[in-house]
1. Picking from GLN27, PRO141, PRO10, whose Cα lies most toward the positive end of the charge dipole for the chain (charges on Cβ: Lys, Arg +1; Asp, Glu -1)?
2. Would you tell me the accessible area of TYR17, worked out with a 1.4 angstrom probe on the heavy atoms of the protein chains, in Å² to the nearest 10?
3. Could you pull the accessible area for HIS115 with a 1.4 Å probe, rounded to 10 Å²?
4. Taking a threshold of 20 Å on the Cα-Cα distance, which of the pairs LYS3/LYS36; LYS3/LYS28; LYS3/LYS55; LYS3/LYS78; LYS9/LYS78 fall above it?
5. Would you mind calculating the gained length between GLU42 and PHE146 on full extension (0.36 nm times residue separation, minus the Cα-Cα distance), in nm to one decimal?
6. If you build a Gaussian network model of the chain, linking Cα atoms that sit under 10 Å apart, which residue out of ASP138, ASP122, ASP54 swings the most?
7. Could you give the dipole magnitude of segment 68-154 about its Cα centre, charging the beta-carbon of Lys and Arg +1 and that of Asp and Glu -1, in debye to the nearest 20?
8. Rounded to the nearest 10 Å², what accessible area does LYS28 show when all protein chains are kept and the probe is 1.4 Å?
Amino acid sequence: MEKTLIIFKPSAMERGYVGQIITRFQQKGLIISGCKMMQLDEKILREHYAHLVDKPFFPNLMAAMMASPVIVMCLRGKDAINVVRLMTGATNGREALPGTIRGDFSSSNQENIIHASSCPEDAAAEVARFFRPEEIFDWVPQNIRFVYSAFEMD
Ligand code: UDP
Ligand code: MG
């Protein structure tokens with residue numbers, strides 16, 4: 001099973017959507033492997049958004065990501081990185097499809113509710129960036145055989 005990193009951005013924290021979004025992930029059968037609250041700072045954001053540091057909107061993005069504490073979460077499941085990206089929707093909330101998290105909760109290109117890892121390399125780096133090894137639990141719920149068929153289990 002894959003691991004992926006979610007950040008409940010200040011837009012989710014301020015607008016009170018964390019519970020509804022966690023419910024969506026649990027309904028899908030994703031396993032919560034790690035969860036904690038933290039205040040992001042400039043150092044971790046420069047690493048996390050290294051691909052964007054030269055963009056004109058980067059200072060604004062940093063301020064938006066530091067506007068409140070965030071909740072970071074590691075989710076685990078089969079193809080979890082792609083599954084969570086599909087559930088997240090397009091970056092711009094105004095273009096994200098209805099039914100996706102951004103499509104249902106965001107009308108912004110920046111205040112778009114959650115971050116979700118975009119590929120296996122990023123997911124591994126991001127889980128390691130936000131969690132110590134002992135904060136990740138490789139537990140398997142008893143009902144996992146009703147989430148995936150025997151032929152889908154690793
Ligand atoms: N972002 C922004 N303006 C843009 C593009 C992106 O403020 O024109 C912000 C937005 O919050 C986005 C984050 O930068 O979620 C990271 O951008 P990326 O292209 O990695 O999008 P994502 O992977 O979050 O869909
Ligand atoms: Mg991205």
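The values are calculated or read from the model by the stated rules, or taken from the named source; none is laboratory data. The structure displayed is predicted, hence computed values, not measured ones. Neighbour counts run over all protein chains shown; Cβ positions are idealised from the backbone, glycine included. Remember, those area values only see protein heavy atoms, side chains included, never the ligands or the DNA or RNA. Shrake-Rupley method; radii C 1.70, N 1.55, O 1.52, S 1.80 Å.
1. GLN27
2. Spelled out: TYR17, probe radius 1.4 Å, area about 50 Å².
3. 20
4. Details: LYS3/LYS36 16 Å; LYS3/LYS28 15 Å; LYS3/LYS55 28 Å; LYS3/LYS78 9 Å; LYS9/LYS78 24 Å.
Among LYS3/LYS36; LYS3/LYS28; LYS3/LYS55; LYS3/LYS78; LYS9/LYS78, the Cα-Cα distance tops 20 Å for LYS3/LYS55; LYS9/LYS78.
5. Working: separation 104, 0.36 × 104 = 37.44 nm, distance 4.24 nm.
Between GLU42 and PHE146, full extension yields an extra 33.2 nm.
6. ASP54
7. Here segment 68-154 has a charge dipole of around 160 debye.
8. Its heavy atoms expose roughly 120 Å² to the probe.
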